[in-house]
Structures are given as structure tokens and as C-alpha cells.
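Accompanying notes for the structure given below.
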Amino acid sequence: MLQVSYIRDNREQVLERLAVKNFKQANLVDEVIQLDDARRQTQAKLDNTSAEANSAAKQIGELMRNSKKEEAEAIKAKTGVWKEDIKKYSEELAVIEEELYQKLVLLPNLPHSSVPKGLTPEDNEVVLENGAVPELPANALPHWELAAKYKLIDFELGVKITGAGFPVYTNKGAKLQRALINFFIDEAEKAGYKEVSVPLMVNEASGFGTGQLPDKEGQMYFVNEDSLYLIPTAEVPITNLYRDVILKADELPVKNCGHTPCFRREAGSYGAHVRGLNRLHQFDKVEIVQVVNPETSYDVLEQMSAHVQSLLQKLGLPYRVLRLCGGDMGFGSALTYDMETWSAAQQRWLEVSSVSNFETFQSNRLKLRFRNAEGKTQLAHTLNGSALALPRIVATLLENNQTDKGIKIPEVLVPYTKFEWID
RNA sequence: GGAGAGGUGUCUGAGUGGUCGAAAGAGCACGCCUGGAAAGUGUGUAUACGCCAAAAGUGUAUCGAGGGUUCGAAUCCCUCCCUCUCCGCCA
């Protein structure tokens, strides 16, 4: 959520930035400003009336104590009007604030100046490519066939017990899951992230804090009986750890990592692009989250991007880094890098990570502040990224490392898997 | 699931209708004291939104949340949420 005061002070810039995100309802900006004007006026009227009523009440108390009953009654007689006005103004204020809020939540975050204009994924900017694309034999298989051949994943069994998009990992497939999770967590800890293990369900306030609610509830599974949402990413519980918190300056940066399953309804398309592990309703992911001083947030974003890249390098996966264009970015992000690995058998790039700086968009909703050098409270910046999501990593590992003898496990993973080959 | 107790500032904790944004203590910050530290001592120490060019100042709101009674509510009433204890169930 954008800050109203910022919108007021930087109207032109806000409009210009929103245009980069192809935001269509630019009129909302002026409506927000007008509503805020109205809010201030009504607030002032309410405050002034309350002040009068408060001082009258004090006088009455004083007079009663001195048993000047008649004078007290005289003042009492005047309070009726104030009471009515106070009621009227606070009702007005509530209506205005609600309207303001409803419009404010429709405004996406402002994209950073480096965000390219554009509408579709084709307009994303390739920042860099790294790693050699492997030469596969002519009979190379896509990962879903490899998974069947080596009995790593049983998709049908998942359908039986739950439904499509909930695979069952078996044998070395199950081991590989656990190995990747531990490898990713260990690497994150080496990079200074503290591991947390968090609930997989969150309440509505948490969904609001990170921006999934209102509006995107369709993407989350909802437990009606208890009004809880299954988390679509560990970003939600981990970032919400700091909701309604004022951090001391020396507590920044906060660096957390955590592994969780992620649940996504993804009511979407079918076909080759979502076959196998390409798109699932449940998958495992290690997430990294930082809460930082605004002055450092873009340096931190680069560090997080470098961390994710280092994982891909260690796993020997060819990858590229994209700077998402305005049209492809998430609602709350100011700048997003996507990391994609090259799937040799599918002959296409698969998104395996997304690293974003939310600036104050989340912290404003979360009321996540820190005390700055002047001792004043200030909104912190939040960032997060996948480091990494498992399914597509597994997909490319299986596909890219397939040989006549079986599938070769990357060296860094062998201490975790305790086997070198899937065969 | 059943019964009971309770939710006050960073923490402990007082406060049952007016002088309460809230005693006291602890913690923390700064100063004094000290060769240095501890002890001692003094001062300060919530957040948000207004007004003001800004600082100073000042107004309003907030004692789990929302509503009500009252000229006036942390304090009385209602609803909801949460925590704790005991019992039941149970990984």
C-alpha cells in the first residue's frame, strides 16, 4: 500500500511511475488526494468538537466537586449538540476512511526507475545468462518420463489421494527433495540468514500484511471453519513475524530463511507447459526474507540475487536473470529479478526464483518500522526471494543431467543425497 | 469439547466513574559522581492522525477489538477475539 502523504507530495511522479506498470486507473491518484483532503477536514472538525466537549466535561467535574450543581447543569445542557456533532463527524470520517482505503489498496507499488516498460514476459530484460547449455542425446526425455522411468515421482498416486498437482515423491525422488531443502537452508545460513520454522496457515491479517489480501484470495486455499489460509509462500508468515513491530536501528538488517511447503490453487491452464513438475498445487521452497534500512535495500536486492545465482552455479544449472518489465511485475513489487533455468529436454526456460524489493509497500501495511538516526519511526523496506523452489530445479536437474548410465547428481548435493546416481 | 481465571505502556504491576496517557518498580538513553566500572543520583523514555512553513507548541484518538450507558469510561453493560489453569481427548 502506498503512503498517502507520499502520493500528495509526489503526484506527478506517482502518475509517471504507475504508467510504467501500465496502470489504467490513474484517476485513482487524484481521488485518493481528494478523499484525504476530506479526511483531514472532517478530522479537524471532529477534533475541535471533541476538544470542546472534553473541556466542558472537565468543568462539570470541577463544579460538581465544589457542589456548584446549578452551574454544572447549565453546562450539561449545552453538551447535547456536541454529542450529536461528534457522532455525525465520526460517522462521516469512518465513511471517508473506508472509501480512501478501498481506493488505496487498488494502487500497485511504484516501479523502480530501472524497471523497463512493457506489457508481457517478452518485454522483460535479460540481465545476464550464465552456464553452458548441455548437449543431450537425441533420445533425451522430459522430466516426467524420467521420473516414471526411475520411479522418482508418482503423479497418479497423488491424484488418487488428493488430486492433480499434488505429486508423491518416492525412492530417490523423495531423498532428493530432502537433500535440496537441506542444501538450500545450509547455504542460506552461510549467507547469514537465520532459519525459522513457521506455521503453514495464516490468518487474514497476515494475508493482508504481505499483500495477498484483499483481492488475491482466489490463489490461496482457505479453511473456512477456522478462517485460515494455507500459505502460498513462506514469505507470508516470515514477513508477518515483523507485523506491528518497531525495530531498533541496530536490529537491521533482519535476515531470515525458512523451508515450507507452498500451496497454490493456480486455477489455470493444462497442457505441456504445466505437465509434470512445471506447475503444482503443493511444492517445497526455501525462502529468504530481509527487513532493511531503506538506504540499503537495492544493494541488498543485488546480494539476494547473487545468493540465488550462487545456488544455481553450484548445482551446475544454466540460468539467466531477468529484470521484469512493468507489465509482468507483481502488484507489490518495486523491482523484481526472475531467475530461470534452461530445461534441456523441454527446450525452454523455467522460472525457479523471483527476488523482489517491496520498498515500503508491505511495511506500510504491516506497520513494520524502525527507529532511524534521528530517533523517529520510519517504515523499513522488505525484500524476499525464493532460494529456491524445488520442483523446477528437480525438473531441470533430471533433464539436464541425464546420461546413458542414469542421472548424475551434482557434486554439492551428494553429501546430502548420499548417492551419486539415480539409476 | 467442559469448567474457571485473566487481557493495562519495552517488561513487572497499581488503578472500580472526573485531578488517568495512566502510580510504582525494572529496563533503556543521556548527565552527574568515579582513575575506570559497579553502586548511588538527576533527567528523559508509547503510537498514530491533525493544526503550524518548520521546530517549539498544541488538539484528537488509543489501557485486547467493536458497540453501548454517561456531561465524563482503563474503570459500568453487551458482543467478539485471545491467553492461562484444571478436566477430557490426543501426535
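Evaluating 6.51 cos²θ - 1.76 cosθ + 1.60 at θ = phi - 60° for every residue in the range A:383-394, the Karplus couplings come out as 9, 7, x, 7, 8, 9, 8, 6, x, 6, 5, 4 Hz, glycine and proline recorded as x. Derived scalar couplings between HN and Hα for the range A:410-421 equal x, 3, 4, 8, 4, x, 8, 7, 6, 9, 9, 9 Hz in order, rounded to whole Hz, by the Karplus curve 6.51 cos²θ - 1.76 cosθ + 1.60 (θ = phi - 60°), x for Gly and Pro.
Translational D (Stokes-Einstein, µm²/s) of the range A:273-423 at 4 °C and 1.567 mPa s when Rh comes from the Kirkwood sum over C-alpha pairs? For the chosen part, D equals 76 µm²/s. Among the protein heavy atoms, those of A:GLU97 account for about 80 Å² of accessible surface (1.4 Å probe, every chain in place). Return the single residue from A:TYR221, A:TYR193, A:TYR89 with maximal mean-square fluctuation; model: Gaussian network over chain A, springs between Cα atoms under 10 Å. Comparing A:TYR221, A:TYR193, A:TYR89 in a Gaussian network model of chain A, the most mobile one is A:TYR89. Percent of Cα-Cα pairs per 10 Å bin, from 0 to the last occupied bin, for the range A:141-274, please list those. Final binned percentages: 10, 30, 33, 21, 5, 1. Karplus-derived 3J(HN,Hα) values for the range A:35-41, using 6.51 cos²θ - 1.76 cosθ + 1.60 with θ = phi - 60°, are 5, 5, 4, 4, 4, 5, 4 Hz; glycine and proline are entered as x.
Projecting the Cα atoms of A:ALA51, A:ALA26, A:GLY61 onto the charge dipole of the range A:4-104 (Cβ charges, centred on the Cα centre) puts A:GLY61 farthest toward the positive pole. With all protein chains in place and a 1.4 Å probe, the accessible surface of chain A carries 49 percent carbon and sulfur. Per residue, the convex hull spanned by the Cα atoms of the range A:205-281 amounts to 124 cubic angstrom. Distances between placed amide hydrogens fall under 5 Å for A:LEU213 paired with A:PHE208, all partners being 5 or more residues away or on another chain. If you sort the three axes of the alpha carbon gyration tensor as a ≥ b ≥ c, you get a/c of 1.5 or more for the range A:211-250 and a/b above b/c, which makes it prolate.
Using every pair of distinct Cα positions in the range A:14-103, the Kirkwood expression returns a hydrodynamic radius of 15.9 angstrom. Select from A:LEU128, A:LEU413, A:LEU230 the residue whose mean-square fluctuation is largest in a Gaussian network model of chain A (Cα-Cα springs shorter than 10 Å). Highest fluctuation of the listed residues: A:LEU128. Taking chain A, how much of its Cα-Cα pair set, in percent, is spaced more than 34 angstrom apart? Result: 42 percent of Cα pairs exceed 34 Å.
For A:VAL127, the residues whose amide H sits under 5 Å from its own are A:VAL321, A:LEU322, A:ARG323, ignoring neighbours fewer than 5 places away on the same chain, with H placed 1.01 Å from N.
Which of A:ARG65, A:ARG392, A:ARG243 moves most in a GNM of chain A, Cα contacts under 10 Å? So, out of A:ARG65, A:ARG392, A:ARG243, the one fluctuating most is A:ARG65. A 1.4 Å probe run over chain A, with the rest of the protein chains in place, finds 49 Å² accessible per residue.
Relative to the longest principal axis of the Cα atoms of chain A, the long axis of helix A:171-190 lies at roughly 50 degrees.
Scan the range A:372-423 for GluC sites (Glu not before Pro) in coil per DSSP, keeping those whose Cβ has at most 10 other Cβ atoms within 10 Å, and list them by number.
Sites meeting the loop and neighbour criteria: A:GLU374.
Taking only the C-alpha atoms of the range A:225-355, the Rg (one decimal) and the largest Cα-Cα distance, Dmax (whole number), read 16.6, 50 Å. Computed over chain A, relative contact order equals 20 percent, with contacts defined as Cα pairs under 8 Å that lie 6+ residues apart.
Show that you can apply the helix-only estimate: for chain A, add -39,500 (n - 2.57) for every DSSP H stretch of four or more residues, divide by all residues, and state [θ] at 222 nm to the nearest 500.
The per-residue figure over chain A is -13500 deg cm²/dmol.
The values are calculated or read from the model by the stated rules, or taken from the named source; none is laboratory data. These numbers were taken from a predicted model, which means no experiment stands behind them. With ideal geometry, Cβ positions are generated from the backbone for all residues, glycine too; neighbour counts draw on all protein chains shown. When the accessible area is computed, the model is the full protein with side chains, heavy atoms only, and any ligands, DNA or RNA have been set aside. Shrake-Rupley method; radii C 1.70, N 1.55, O 1.52, S 1.80 Å.
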